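These notes are about the structure you will find just below.
The values are calculated or read from the model by the stated rules, or taken from the named source; none is laboratory data. What you see is a predicted model; the values in this text were computed from it and never measured. Methodologically, a virtual Cβ is constructed for each residue, glycine included, from the backbone with ideal geometry; neighbour enumeration extends over all protein chains shown.
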Amino acid sequence: MNHPKIGQSSQASIHLQIATQNDLFELKHFLKRHKQCSVQSNDLVYLVRLYMPSSQAIIGVGKLKSISQNTFWLHGLYISPSQRKQGYASQLLLFMAAQRQEAHNSSSGQTKQIITFPLAHLETFYLKNNYQFIEPSGLPSELNLRYQKAKKQHKNWLCMALKLENQSTPE
């Protein structure tokens, strides 16, 4: 599989990829080491991987769950603290959106979207990455229940979505 490179020096390069079965052991340990939630069986998992001359390692993870044919829930985005502020999270969001757009490009005419509930201090980050605020009342019922429960528990979640434009094919 040809993975897009997003950063490269003479010593190292960064690649984005969809996680495979071969990545699960390393992924499990990465998430545990960074005190992140484990992967669920129906998650679509994306990785940011650092390749060095003598080694390679996962430095970031994004997790999506398919809610419907046109709706995905971004319920995990994490970059190793030592690798932050280098644009890897933004690149991972773009990669994930492009992969979902490509995989689910249907002629239904319905707009596809990735919904997320970021913490309030991440508002600027998500706005810079083209996410927009949406009304919780318009969420699919499964996500609406999660959002309302979090609000009752005084969690400081925002309700945002990235609209994936339909790609029409010329006739």
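For beta carbons closer than 7 Å, sequence separation of 6+ or different chains, a first residue in the range 88-111 that is at pLDDT 70 or above and a second that is hydroxyl-bearing (Ser, Thr, Tyr), the qualifying pairs are 92/46; 95/46; 96/46. Where strands (runs of 3 or more DSSP E) fall entirely within the range 16-115, those with at least 1 residues that are touching a Phe, Trp or Tyr at 6+ places or on another chain (Cβ under 8 Å), under 18 Å from residue 140 (Cβ atoms) and among the small types (Gly, Ala, Ser) are at 56-68.
Total residues in the range 127-151 satisfying the condition of being among the aliphatic types (A, V, I, L, M) and in a helix (DSSP H, G or I): the figure is 4.
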